[in-house]
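Read the structure below first, then the notes.
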Amino acid sequence: MTGYGWMLLVVTLAAIYALGLVGYRLLLSAKKLNTEIAKSKELIEELNSFEITTPNTAEANTGADLLSLLGQRRRIGLAKEQRIKSRRRRLVQRIKDIDIEKR
């Protein structure tokens with residue numbers, strides 16, 4: 001074999017090796033894709049088996065219900081304000097507790 005023959009052999013073997021690597025990567029990608037497709041099919045089946053719920057129709061409130069609804073709304077608002085104030089208080093306390101000398 002001449003130098004040309006050896007070079008052709010080396011190039012051919014390198015090309016076959018590169019093709020093998022590409023094929024191996026394609027195989028790994030196909031396996032990952034297959035697992036993702038299986039997961040997607042399970043999720044789609046779960047979605048399709050979900051029972052469709054119909055929303056409740058809106059009902060008009062009477063004047064007697066109005067006072068209780070307003071009271072409930074006010075209690076919710078006050079509870080929210082208390083949560084906000086307590087969170088602020090905790091944050092301020094944490095800031096006060098930071099020891100600047102340690103830095």
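Values in this text are rule-based calculations from the coordinates and carry no lab data. These figures come from a predicted structure and were not determined experimentally. All Cβ positions, even for glycine, are placed from backbone atoms using ideal geometry, and neighbour counts span all protein chains on display.
Residues that are surrounded by 10 or more Cβ atoms within 10 Å (Cβ to Cβ) and in a loop (DSSP other than H, G, I, E, B) are absent from region 31-49.
On inspection, Leu70 passes the criterion of being surrounded by 10 or more Cβ atoms within 10 Å (Cβ to Cβ) and of a type in the set (A, V, I, L, M, F, W, C).
Here Ala64, Ala14 are screened, and the one residue that is surrounded by 10 or more Cβ atoms within 10 Å (Cβ to Cβ) and part of a helix (DSSP H, G or I) is Ala14.
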